[in-house]
1. What's the number of the only condition in (1) surrounded by 12 or more Cβ atoms within 10 Å (Cβ to Cβ); (2) closer than 28 Å to residue B:22 by Cα that residue A:45 fails to meet?
2. Looking at the range A:54-70, can you tell me whether even one residue there is touching a residue at least 60 places away in the same chain (Cβ under 8 Å) and farther than 20 Å from residue B:71 by Cβ?
3. Exactly one of these conditions fails for residue A:4: (1) touching a residue at least 12 places away in the same chain (Cβ under 8 Å); (2) in a helix (DSSP H, G or I). Give me its number.
4. Are any residues in the range B:50-66 open to solvent by 20 Å² or more (accessible area, probe 1.4 Å) and either more than 14 Å from chain A (Cβ to nearest Cβ) or within 13 Å of residue A:25 (Cβ to Cβ) (or both), and if so, which ones?
5. For the range A:61-82, does any single residue satisfy the condition of being charged (D, E, K, R), open to solvent by 50 Å² or more (accessible area, probe 1.4 Å), within 11 Å of another protein chain (Cβ to nearest Cβ) and part of a helix (DSSP H, G or I)?
6. Given the conditions (1) of a type in the set (A, V, I, L, M); (2) open to solvent by 10 Å² or more (accessible area, probe 1.4 Å); (3) within 28 Å of residue B:73 (Cα to Cα); (4) at the interface with chain B (Cβ under 10 Å from one of its Cβ atoms), which single one is not true for residue A:11?
7. Within the range B:6-35, track down each residue that is within 8 Å of chain A (Cβ to nearest Cβ) and either outside any helix (DSSP H, G or I) or open to solvent by 60 Å² or more (accessible area, probe 1.4 Å) (or both).
8. Hey, could you check the range B:67-84 for residues that are within 11 Å of chain A (Cβ to nearest Cβ) and not β-branched (Val, Ile, Thr) and say which is most open to solvent (accessible area, probe 1.4 Å)?
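The values are calculated or read from the model by the stated rules, or taken from the named source; none is laboratory data. Predicted, not measured: the structure shown is a model, and the values here were computed from it. All Cβ positions, even for glycine, are placed from backbone atoms using ideal geometry, and neighbour counts span all protein chains on display. Areas reflect the complete protein model, heavy atoms only, side chains present, ligands, DNA and RNA absent. Shrake-Rupley method; radii C 1.70, N 1.55, O 1.52, S 1.80 Å.
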Amino acid sequence: MSYPSREEEWALHDQVLKRMPVAYSKVFALFMPFLLKTLESEMRCDPEEVRDAALKAIFDYLGRPETYDRDQSLLRSFLTLAARRNVLDSLRSTERRVIREKNFADVIELRARPPNEEMEAAVETALALKRLERRNMPQEDLGVLRLVLQGESSTLELARPLGKEGLPEPERKRVVKQNRDRLLKQLRRLGKEEDTHDES
Amino acid sequence: MTNPDWLEAAAERGARVPEMLGSVFAWYRDLEDLSVQDFARRLGCTVETLYWVSLCRKPEGAAFSEHVNQIADHFGIDAFELSKVLRDMEATAALLATENSPLEPEARAVLMAALDREKNS
């Protein structure tokens, strides 16, 4: 592959500035091989992505050839820089799309349990609550635990069985946390006791 | 003319850029219901050459004939056919513009007749 000389580049750029039709086609013939070779060796990405980035750089230049200042750089450097930027933009946009899709998938996964898991969780919750009821646990505590076991995390909802929903938010949060921690500790203790009973 | 693997993609992209010859060719092919091969045959060239020609700027204004001849000489295509296609599409664009404007029916009829004469010549 032979690179155009500085004089050839200038002559071609002048023709493009004069809107001479054939010059446009010559720009592709002259610079596409150079851009593809440079980008493919520099950037680890899909050849199609490289091709599109290079084409975009040339079409953008042909759309506004005045943006190139021949005193600043060679035309091939100008186009390479633009194409490299296009590759990076495309990579960034792909990256953003992947993150967006992953976040979306995570939310779906969190919100929608598979039907079999949902049923298992409901059965386990019902069994655990029956055991707790047998232990004469106060109704307020049972109400909170029922909600916790169902996956409820809103402090306002958890405050209702305790009759504390009317408290100011910071206070409500503190009371709910305190009661939830206490009840979970009791649950753990209960679980250990049940295990010991099962083993004996 | 070489036939690099990016050429077709470049021509396709060029067909969406109004300043490029490819956009006129795409419109013409669409109106005339012509395949790429048929259109290349009409211009007296291969499909690959047609792609290269598509990447030229559209000839316009006072230098129209000069530019058409430059393209034809450079790519070895039929200058007369190229000129006819471009004039035809210019007339079609003008007609479309007048259809959307409050032009008198007589004036529109004159334009239509001119377009028909151009097509049949």
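1. In the conditions (1) surrounded by 12 or more Cβ atoms within 10 Å (Cβ to Cβ); (2) closer than 28 Å to residue B:22 by Cα, residue A:45 misses (2) alone.
2. There is at least one residue in the range A:54-70 that is touching a residue at least 60 places away in the same chain (Cβ under 8 Å) and farther than 20 Å from residue B:71 by Cβ.
3. Among (1) touching a residue at least 12 places away in the same chain (Cβ under 8 Å); (2) in a helix (DSSP H, G or I), the lone unmet condition for residue A:4 is (2).
4. Kept after step one, since they are open to solvent by 20 Å² or more (accessible area, probe 1.4 Å), are these residues of the range B:50-66: B:51, B:57-58, B:60-63, B:65-66.
B:51, B:57, B:58 - these are the residues of the range B:50-66 that are open to solvent by 20 Å² or more (accessible area, probe 1.4 Å) and either more than 14 Å from chain A (Cβ to nearest Cβ) or within 13 Å of residue A:25 (Cβ to Cβ) (or both).
5. No, the conditions are met nowhere in the range A:61-82.
6. (4)
7. Result: B:6, B:13, B:17, B:19, B:20.
8. B:73
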